[in-house]
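Below: one structure, written as structure tokens.
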Amino acid sequence: MKKAFLIPLLVIIPFLAIDAQTKVANMSFEKEAHNFGNIKEADGPVTVKFEFTNTGSQPLIIKQVNASCGCTSPNWSKEPVLPGKTGFIGATYNPKNRPGPFSKTVTVTSNAATPTKVLTIKGSVEQKPQTLEDIYRYAMANKIRLKTNHLSFARVVKNKEGSQQVEIVNITDQPVSISFSRVPAHLKLVANPETLQPGGKGVIAGLYDSKLKNDWGFVIDRVDILLDGESNASNRLTVSATIEEDFASLSAEEKANAPAIVFDNNTFNFADIKQGEKVEHVFTITNSGKSDLFIRKVKASCGCTAVNPADDMVPAGGSTTMKVIFDSRGKVGKQNKTITIITNDPKHPRSILWVKGNVNQAS
């Protein structure tokens, strides 16, 4: 009797398994790639709709749609797509400030038999003609425009000079004289020409003398631009430089006898504290090199972190300490602060230490 019932069950079980497998959603696209061809930046965003049919036997639900670039905005059917019905995935590409060829993807995740589909859009953007405002983006007092309001000297070797310039244009129908105020001693600025004729173009030329700047690493100054002798708080030029030692000029012998900075650890993790509490830690700094180690500069990424090295010079083979105090007033949640140490170690001229932990809001 047991054998008589076994045969029908063996037939029914595979049938049920096959039937369960067929009861799924399925996403069938008319096309999975689209070429916009040549488009014009001036015409703005372009959009394509990828239409699909649910050829399965269950409602199709789109769970997520992700574009490979922020320049591409996706859209899609938000409601379940019933068997036999159609839905869409939309992709809009914004060509603004993106001249030239492009190829982007849109990844679709759903409950279909194939849960992930990748759609592709491509084309080429013809750059729009640039206006004066596009080229000279920063206006000052409706008299002049600058290509940038940031004069960046990038890397300047200590005790040497660096030079940079910013292009300017007179946007009025009258001559405009250009001068400067609040210029620090290590910086020389000159407008060339000093008086811009109507519609005329020129430059603001800068010379950075690092010998006169008692600082290291990334430093910023701000100077005022005077137009026709008049001062305006918004007419400000930011000047930056990264002052570094010239380690490239060291001989092999000098490098072999150089200082070498070593830390007992590079992270202070204070775990959990209550908002308003202060925590302290002492880092140990050792010079494992063969000459004096000079601590040029120590700077924390946040005013909430006080840093105090005990010494600014560590002899070969010697050690010193650096106390760090983190003040959690006004802070809440995860904290990741950095401390940058600039030294004369040619292998590690710039070292980073971390202060981490979690600040719980005071009850």
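With a requirement of 2 or more residues that are within 30 Å of the chain's Cα centre (by Cα) and among the hydroxyl-bearing types (Ser, Thr, Tyr), the strands (runs of 3 or more DSSP E) lying completely within region 154-268 that satisfy it span 236-244. When region 237-254 is filtered for residues that are farther than 17 Å from residue 158 by Cβ and loosely packed, with under 11 Cβ neighbours inside 10 Å, the ones remaining, listed by number, are 251, 252, 253. Got at least one residue in region 35-48 being modelled with pLDDT of 95 or more, surrounded by 13 or more Cβ atoms within 10 Å (Cβ to Cβ), farther than 20 Å from residue 126 by Cα and assigned by TED's automatic domain parsing to the domain that holds residue 122? Within region 35-48, not a single residue is modelled with pLDDT of 95 or more, surrounded by 13 or more Cβ atoms within 10 Å (Cβ to Cβ), farther than 20 Å from residue 126 by Cα and assigned by TED's automatic domain parsing to the domain that holds residue 122. Just the residues that are farther than 16 Å from residue 142 by Cα and surrounded by 15 or more Cβ atoms within 10 Å (Cβ to Cβ), please, taken from region 161-178. Correct list: 161, 162, 164, 165, 166. Among residues of region 202-231 being touching a residue at least 60 places away in the same chain (Cβ under 8 Å), under 30 Å from residue 343 (Cβ atoms) and touching a Lys or Arg at 6+ places or on another chain (Cβ under 6 Å), the one that is surrounded by the most Cβ atoms within 10 Å (Cβ to Cβ) is 216. No other residue among 212, 196, 227 is of a type outside the set (Asp, Glu) and closer than 30 Å to residue 351 by Cα apart from 212.
Suppose the filter is farther than 18 Å from residue 349 by Cβ, assigned by TED's automatic domain parsing to the domain that holds residue 312 and surrounded by 12 or more Cβ atoms within 10 Å (Cβ to Cβ); does residue 278 pass it? Yes, satisfied. Please name all residue pairs, on different chains or six or more residues apart, with Cβ atoms under 6 Å, provided the first residue is in region 186-201 and is more than 17 Å from residue 151 (Cβ to Cβ) and without any contact (Cβ under 8 Å) to a residue 40 or more places away in the chain and the second residue is small (Gly, Ala, Ser) and surrounded by 14 or more Cβ atoms within 10 Å (Cβ to Cβ). Short answer, once both residue conditions are applied: 193/202; 195/177. Residues in region 61-94 that are modelled with pLDDT under 95, over 30 Å from residue 23 (Cβ atoms) and part of a loop (DSSP other than H, G, I, E, B): 68, 69, 70, 71.
The values are calculated or read from the model by the stated rules, or taken from the named source; none is laboratory data. The structure displayed is predicted, hence computed values, not measured ones. Cβ coordinates were reconstructed from backbone atoms using ideal geometry, including for glycine residues, and neighbour counts include every protein chain displayed.
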